[in-house]
Amino acid sequence: MSTRAPADTRDRILDAACDVIAEHGIDDVRIARIATLAGVSPALVHYHFETREALLAEALEHSFELLGNVRTLADGAEHWSALRKLAWMVDQSLPFPGMGEREWGLWLELWRRAARTRELQPIAAQLYERYDAWIAEAVQEAVDNGELPACDVRAVTQRLIARIDGLGLRVLVADPEMPLERARELALGGLAEELGIGVEEFGPEGGSR
C-alpha cells in the first residue's frame, strides 16, 4: 500500500506544522506533535518532509496560500478604490490576532534560518517575489486610475513592504510603543507622505478587516 498522503491529509499535516513551528520554532519541532494534531502517523510526516528546512518551506507556502484565500474575501472589495484596497492590504500584512500572528511566527523562522542556510534563501526570495507582486498590482492600479502620481512602482512597493516588516516585528514582540493600530497608521502615513497625498485618500475605514 502506498504511504503517500492524499491532498487533504497533506494539508492537515501542513496546517499542524504551521501551528507548531509558529509557537515553538523550527528547531524545537516535534514530529510526533505535528502527527497528533494532524491525526496521522509520525512515519507519514517523515515520509513527506525529510528535513526541517523542507517542512518550514512548505509550511510557509501553505500559510501564504491560506492567507491569500482570506485576503481575497473582503466584502464589497470590488467597489473599492485602488488606494482603499492598498490600505486593506497593509492591514492584512501586519500581525493581526490569529492567522496573521501565526504567519509572522513562520516568517521569523524563515528570516532566521535563511540568513544561515542557503537552502532556504530561494524560498524567501520566491515568497517576497509573490508578496511584491501582490502589493505592486494595487500600486500600479492606483497610478493607472490617477489616484497616485506616476512613480517607480517597484521601489514604492519594496519600501512599503520594508515598513511593514519593521513595524510588524515591533507589534509581534508586543512593544508597548507599537500597538497594531499605531503600526497601521505609520505604514499608511509613510506611504502617503512619500507619494504626496493625504492619508485620508486611503478611505475613512483605513485598512479595517
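A short reminder: the numbers here are calculations on the coordinates, not readings from a lab. Only a predicted model underlies this, so the values are computations on that prediction, with no experimental measurement involved. All Cβ positions, even for glycine, are placed from backbone atoms using ideal geometry, and neighbour counts span all protein chains on display.
How far is the Cα center of segment 33-67 from the Cα center of segment 125-190, in Å? Here the answer is 29 Å between Cα centres. Scalar couplings 3J(HN,Hα) for segment 130-144, obtained by applying the Karplus form with A = 6.51, B = -1.76, C = 1.60 to θ = phi - 60°, are 5, 5, 4, 5, 4, 5, 4, 4, 6, 4, 5, 4, 5, 5, 4 Hz; x denotes Gly and Pro. Relative contact order of segment 1-50, taken over Cα pairs closer than 8 Å and 6 or more residues apart, is 42 percent. Computed from Cα positions, the angle between helix 82-93 and the longest principal axis of the chain comes to roughly 40 degrees.
Max-minus-min Cα coordinates of the chain on each principal axis give 60, 35, 29 Å, with the largest extent listed first.
Helix 7-24 and the long axis of the chain differ in direction by around 80°, with both axes built from C-alpha atoms.
If you fit an axis through the alpha-carbon atoms of helix 99-114 and take the longest principal axis of the Cα set of the chain, what angle between them do you get, 0 to 90°, nearest 10? Between helix and principal axis, roughly 70 degrees.
Its Cα centre serving as origin, segment 33-176 has a Cβ charge dipole (Lys and Arg +1, Asp and Glu -1) of approximately 520 debye. Eigenvalues of the alpha-carbon gyration tensor of segment 99-187, scaled by 5 and square-rooted, set the equivalent ellipsoid semi-axes at 25, 20, 9 angstrom, largest first.
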